[in-house]
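The block underneath contains the structure these notes are about, expressed in structure tokens.
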């Protein structure tokens with residue numbers, strides 16, 4: 001057992017020494033709409049790593065610095081190692097108005113003490129007020145899922161005749177909405193499509209549903 005413990009400890013990687021200066025820079029840009037993503041928060045996360053039989057275990061040590069993107073979507077973030085970790089990454093906060101498929105990128109070990117460019121592809125989303133009118137009494141809660149990007153939004157309570165849900169959607173495509181009742185097995189679903197509307201301004205889209213729509 002002692003030998004086994006020593007084997008696990010030997011897989012731990014030593015911390016990177018403190019006070020090593022590194023520069024990370026790049027851009028967060030929406031190439032679909034050809035617009036920069038402005039005022040997006042960019043953070044440096046620090047980890048220590050430990051080898052296990054299942055792979056590498058990343059132990060979060062904390063955020064050590066941050067900045068925001070400029071008017072052109074660019075950022076420049078110098079940071080100094082603390083001596084507590086051996087792995088660093090750039091992390092972005094979740095933002096419902098901007099879809100960024102990858103919110104984290106690892107800074108390569110060989111670039112600590114130098115500089116590295118890390119760019120993020122993004123998609124600016126635009127607001128739609130989805131007004132849902134139920135034309136008969138639906139006594140179950142209705143879960144609501146949007147497609148671009150896929151996620152659940154606030155459900156509609158039972159017996160609600162009219163409700164509005166703000167969604168953020170891709171203006172370049174049709175947006176499918178899935179209404180789902182989960183009190184049955186299998187679940188009951190009703191799908192609607194918000195037509196293409198190439199606008200950046202908030203608008204309201206109204207849809208009527210009733211209990212017979214769910215299959």
Quiz prompt | Count of residues meeting criterion [more than 16 Å from residue 113 (Cβ to Cβ), touching a residue at least 24 places away in the same chain (Cβ under 8 Å) and outside any strand (DSSP E or B)] in region 40-93 | solution = 8
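Only residues that are outside any loop (DSSP other than H, G, I, E, B) and surrounded by 18 or more Cβ atoms within 10 Å (Cβ to Cβ): list them for region 109-123, please.
Matches in region 109-123: 116, 120, 123.
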Quiz item: Which residues, taken from region 94-108, are touching a residue at least 24 places away in the same chain (Cβ under 8 Å), outside any strand (DSSP E or B) and surrounded by 12 or more Cβ atoms within 10 Å (Cβ to Cβ)?
Solution: 96, 100
Self-check item: Test: residue in region 146-157 that is over 14 Å from the mean Cα position of the chain (by Cα), buried (at least 19 other Cβ atoms within 10 Å of the Cβ) and not in a strand (DSSP E or B)
Solution: no
Quiz item: Has region 27-45 got any residue that is at pLDDT 95 or above, more than 30 Å from residue 125 (Cβ to Cβ) and assigned by TED's automatic domain parsing to the domain that holds residue 82?
Solution: no
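If the requirement is being touching a strand residue (DSSP E or B) at 6+ places or on another chain (Cβ under 7 Å) and at pLDDT 95 or above, which of these qualifies: 56, 82? Step through it out loud before you land on a result.
Working: 56 fails: at pLDDT 95 or above.
Going through 56, 82 in turn, just one is touching a strand residue (DSSP E or B) at 6+ places or on another chain (Cβ under 7 Å) and at pLDDT 95 or above: 82.
The values are calculated or read from the model by the stated rules, or taken from the named source; none is laboratory data. No experiment lies behind these values; they were computed from the predicted model shown. Please note: Cβ atoms are built from the backbone with ideal geometry, for glycine as well, and neighbour counts cover all protein chains shown.
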